[in-house]
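Have a look at the structure below, then the notes.
The values are calculated or read from the model by the stated rules, or taken from the named source; none is laboratory data. Being a predicted model, the structure only gives us computed values, none of them experimental. FYI the Cβ positions are ideal-geometry reconstructions off the backbone, even for glycines, and counts take in every protein chain you see. We work out accessible area using only protein heavy atoms, side chains counted, and drop any ligands, DNA or RNA first. Shrake-Rupley method; radii C 1.70, N 1.55, O 1.52, S 1.80 Å.
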Amino acid sequence: ANVINAALNDYGEALHYHPGGDNTNFREGRTFQLKHGVYNCQQTLVIPPNQDFVFDGGNALLNDDTGGSDVVRIDSSMNSQFTFGLITTANANSVSLRVKPQNIGPDNYVVYTSCTLRIDAVVGSGNGLVVEAPSGVGVDQSRFEIVEQAVAAGKTGVTLTGAGNINNNQFHIVGHRFTSTGFVIPNTAYDNSFTGNIRSLSGTGIRNIF
């Protein structure tokens, strides 16, 4: 297996980000393709602010070796597409993938909008997809899809969180297994659609947090 950070160094500046830099501090109009293989993520793979960007994770396997952090984290994004293969979590505190816009990117905004994200499978001891909107930040008009969710009992396939706005999005889980929860939705999220197939009678489809 490869160490994810060493593997990405082969691409030079492809995913390099300088906070507070000029307009080259985010990726625009580029395609990044992760080579096929197994990667041990000793640190979080951070996708920096981007616009009109394509991240093609193919069918690569991303193994969690972070010790309890995010395996992948996506920053501010606009009109971009992200696809991933299998992402595993080895620690109960780990998250397969977190969308969290927090740095200035497209058009000088901190935002995640008009994007599509697809993960073939999230498996393991931690949570699956976490969509986090910090205060004053929006995540909207985007689609999120997990083909297979097989996270541990007591964990969640898709969690929406944060003091910001998460609205007008689509969330879909094709297959939901085991005793985990499909979706956790705070009352600050509105006008979103949630669909999926719940395969386990002992699992929970949707849990609302007030």
Legend entry - Of residues in segment 62-86 being closer than 18 Å to Ser96 by Cβ and assigned to a loop (DSSP other than H, G, I, E, B), the one least open to solvent (accessible area, probe 1.4 Å): Asp75
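Which of the residues spanning segment 45-56 are part of a loop (DSSP other than H, G, I, E, B) and surrounded by fewer than 18 Cβ atoms within 10 Å (Cβ to Cβ)? Can you show your working first?
Filtering segment 45-56 for residues part of a loop (DSSP other than H, G, I, E, B) gives 48-49, 52-53.
Once the filter is applied, which keeps residues that are part of a loop (DSSP other than H, G, I, E, B) and surrounded by fewer than 18 Cβ atoms within 10 Å (Cβ to Cβ), segment 45-56 yields only Asp52.
Which one is modelled with the lowest pLDDT among residues in segment 134-155 that are open to solvent by less than 10 Å² (accessible area, probe 1.4 Å) and under 14 Å from the mean Cα position of the chain (by Cα)? Outline the logic, then answer.
So in segment 134-155, the residues open to solvent by less than 10 Å² (accessible area, probe 1.4 Å) come out as 139, 142, 144, 146, 149, 151.
Still in the running and under 14 Å from the mean Cα position of the chain (by Cα): 139, 142, 144, 146, 149.
On the way: Val139: 98, Ser142: 98, Phe144: 97, Ile146: 92, Gln149: 86.
Top of the filtered list is Gln149.
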Inset, instruction - Give the number of residues within segment 117-133 that are in contact with a Gly (Cβ under 7 Å, 6 or more places away or on another chain), open to solvent by 30 Å² or more (accessible area, probe 1.4 Å) and hydrophobic (A, V, I, L, M, F, W, C). - result: 0
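Out of Asn59, Asn103, Asn93, Asn40, I need the residue that is part of a strand (DSSP E or B), surrounded by fewer than 22 Cβ atoms within 10 Å (Cβ to Cβ), in contact (Cβ under 8 Å) with a residue 12 or more places away in the chain and over 14 Å from the mean Cα position of the chain (by Cα). Which one? Reasoning before the result, please.
Numbers: Asn59 fails: part of a strand (DSSP E or B); Asn103 fails: part of a strand (DSSP E or B); Asn93 fails: part of a strand (DSSP E or B).
Within the list Asn59, Asn103, Asn93, Asn40, the selection yields Asn40.
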